[in-house]
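Bear in mind these aren't lab numbers, they're just calculated from the coordinates by the rules spelled out. All values derive from a computational prediction rather than experimental measurement. Please note: Cβ atoms are built from the backbone with ideal geometry, for glycine as well, and neighbour counts cover all protein chains shown.
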Amino acid sequence: MPLPVTAVAAALLTALYLVLCIRVIGQRRARGIALGTGHPALERAYRAQANFAEYVPLGLILLGLLEGLRAPVPLVFGLAAALVLGRALHAFGISREPEELRFRVAGMVLTFAMLAATALLLAGFALAG
């Protein structure tokens with residue numbers, strides 16, 4: 001069964017993840033650090049990438065399941081937009097020196113809200129059959 005909203009969200013999130021990966025690689029090369037962090041800018045780039053990798057897979061799984069249960073497309077799209085925007089805001093905020101805490105917090109709030117709302121909706125749609 002096609003999951004177009006989840007597919008678009010996955011594509012956008014993949015693009016953002018690749019940017020975050022390239023930033024970590026660039027920091028590693030510029031500083032000559034193959035393993036570990038060892039530098040504040042590398043630490044920020046690494047944590048932005050790692051935090052992204054910690055939250056996005058679960059968000060995409062939840063979206064795909066919800067879309068697979070034929071939830072209304074505007075609802076799934078809104079949740080997907082919240083995940084994409086939340087991860088982008090967080091990555092932007094944590095990557096700055098000095099840190100842009102308001103973006104980091106807004107990103108986490110959006111991400112947590114998306115995960116919680118999607119999980120609740122998923123349970124409701126699944127139970128409603």
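Where (1) 131; (2) 116; (3) 94 are the candidate values, the label of the one calculated here for volume of the Cα convex hull per residue in Å³ is (3). Per-residue 3J(HN,Hα) values for the stretch 75-89, derived from phi via the Karplus relation 6.51 cos²θ - 1.76 cosθ + 1.60 with θ = phi - 60°, read 5, 5, 4, x, 5, 5, 4, 5, 5, 4, 5, x, 5, 5, 4 Hz in sequence order (x marks Gly and Pro).
Taking amide H as placed 1.01 Å from N in the peptide plane, ARG96 has no amide H partner under 5 Å among residues 5 or more places away or on another chain. In this simple spin-label model, placing a label point 7 Å from the Cα along the Cα-to-Cβ direction at both LEU127 and LEU58 gives a separation of 2.0 nm. Each peptide in 15-25, 41-51 receives the mean, over its residues, of other Cβ atoms within 10 Å, and ordering these scores from highest gives 41-51, 15-25.
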